[in-house]
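> Have a look at the structure that comes next, please.
The values are calculated or read from the model by the stated rules, or taken from the named source; none is laboratory data. None of the values given here were measured: they were computed from a predicted structure. Cβ placement follows ideal geometry from the backbone for every residue including glycine, while neighbour counts extend to all protein chains displayed. These accessible areas exclude ligands, DNA and RNA; they are computed on the full protein's heavy atoms, side chains included. Shrake-Rupley method; radii C 1.70, N 1.55, O 1.52, S 1.80 Å.
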Amino acid sequence: MVEKLTVLVVEDEIALAGVVAGYLEREGFQVVQAHDGPTAVELAESLRPDLIVLDVMLPGFDGVEVCRRVRHFTDAYVIMLTARDEQVDKIVGLSVGADDYVVKPFSPRELIARVQAMLRRPRSTPASHAVTALGDLVLDEESRSVTVGGAPVELTRTEFDLLATMAARPRLAFSRRQLIDEVWGSDWYGDEHLVDVHIGHLRRKLGDSVADPRYVRTVRGVGYGLGSG
Ligand code: CA
């Protein structure tokens, strides 16, 4: 029997947490609930869930702080629940490590679709080559690791997936929508600026420069591509 994937649902509205947990359980996930920030971090550390659904406004400390703390010990996918669409920069940007967000009020089906798309991801990484080199940047699809000049770079799964998607077709310029289709799934909708936020983190971790890029270049009017352009 395949081991069940575990989802940690962090939401202080108990009724909503229960609804979300119920939907996830019916889809075959093992679900654990936390109703405040400190408990969420404890459970994330002891249970090592595959994915965390994380409300922003929580007692104790908020979801952004939870995300920051759990990133020290897990690369689990994190989907933030935000109150407003315009919070995407703040939530995904400042929390440095959330992979996706869903705006409240949301339909449980929408959230489940996001969860499933995300947990399908590692197996669908386009792996035409196990190892891709771009100058001194080396990306290993099998171990999902990246090095620059031989030094390991710690990427979140989303950052890795973005890089791997572009590395699979290094000559191509990708639109934000294409990157969303490949990484978040073609049924994802929301603020495509999400891509820019993750590309920003990716560049920072690779030590890349926007003005004089070595790895990730901005393609004016299109989106992003690999190479110094
Ligand atoms: Ca809340």
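> Could you list which residues have their amide H under 5 Å from that of Leu137, counting only those 5 or more apart in sequence or on another chain, with H placed in the peptide plane?
For Leu137, the qualifying residues are Gly149.
> Amide H of Leu81 versus every other amide H placed in the peptide plane: which residues, excluding those fewer than 5 positions away on the same chain, fall under 5 Å?
Those lying under 5 Å, H to H, from Leu81 are Leu54, Asp55, Val56, Val102.
> Looking at the stretch 1-65, which GluC sites (Glu not before Pro) are in a loop (DSSP not H, G, I, E or B) and have at most 10 other Cβ atoms within 10 Å?
Hits after loop and neighbour filter: Glu3.
> Using Cα atoms only, what is the angle between the long axis of helix 37-47 and the major principal axis of the chain, expressed in degrees (0 to 90) to the nearest 10?
With both axes taken from Cα atoms, the answer is about 70 degrees.
> Per-residue HN-Hα couplings for the stretch 206-211, Karplus 6.51 cos²θ - 1.76 cosθ + 1.60 at θ = phi - 60°, whole Hz, x for Gly and Pro?
For the stretch 206-211, the Karplus curve yields 7, x, 8, 10, 5, 6 Hz.
> At 222 nm, what value in deg cm²/dmol follows for the chain if DSSP H runs of at least 4 each add -39500 (n - 2.57) and the sum is divided by all its residues, to the nearest 500?
Computed ellipticity for the chain at 222 nm equals -10500 deg cm²/dmol.
> If you take the beta carbon distance between Met57 and Asp136 as r and set R0 to 45 Å, what does 1/(1 + (r/R0)^6) give as a FRET efficiency, to the nearest 0.05?
0.55
> If you don't mind, there's one more thing I want to ask. Can you compute the modelled spin-label distance between Val222 and Glu45, with each label point 7 Å from Cα toward Cβ, in nm?
The answer from the label model is 4.6 nm.
> When ligands, DNA and RNA are left out and all protein chains stay put, how many square angstrom of accessible area per residue does the chain have with a 1.4 Å probe? Write out the running numbers ahead of the final one.
On the way: 10850 Å² over 229 residues.
Accessible surface, normalised per residue, equals 47 Å².
> Counting other Cβ atoms within 10 Å of each Cβ, which trypsin sites (Lys or Arg not before Pro) in the stretch 1-74 have at most 13 and sit in a DSSP loop?
Here the trypsin sites (Lys or Arg not before Pro) that fit, given the DSSP loop and packing criteria, are Lys4.
> With a 1.4 Å probe and all protein chains left in place, how much of the accessible area of the stretch 6-119 comes from carbon and sulfur atoms, in whole percent? Let's see the in-between values first.
Working: 2470 of 4680 Å².
For the stretch 6-119, the apolar C and S fraction of the accessible surface comes to 53 percent.
> Let me ask something additional. Using 7 Å Cα-to-Cβ label points, what is the His72/Arg26 separation (nm, one decimal)?
Computed distance between label sites His72 and Arg26 equals 3.9 nm.
> For Val216, which sequence-distant residues (separation of 5 or more, or a different chain) have an amide H within less than 5 Å of its own amide H, given hydrogens modelled in the peptide plane?
Close amide H contacts, sequence-distant or interchain: Gly227.
> Follow-up. So, in Å, what gap is there between the alpha-carbon centers of the stretch 180-194 and the stretch 125-177?
19
> Working from the pairwise distances between different alpha carbons, so that the mean of 1/r is found and then inverted, what is the stretch 6-119's Kirkwood radius in Å?
13.5 Å is the Kirkwood radius here.
> Any idea how far apart Asp187 and Asp36 come out in nm if each label point goes 7 Å out from Cα toward Cβ?
3.7
> Over the chain, with a Gaussian network built from C-alpha contacts below 10 Å, which listed residue (Ser46, Ser145, Ser175) shows the highest mean-square fluctuation?
Largest GNM mean-square fluctuation: Ser46.
> If the viscosity is 1.567 mPa s and the temperature 4 °C, what translational diffusion coefficient in µm²/s does Stokes-Einstein give for the chain when Rh comes from Kirkwood over Cα pairs?
Once the numbers are plugged in, D ends up at 72 µm²/s.
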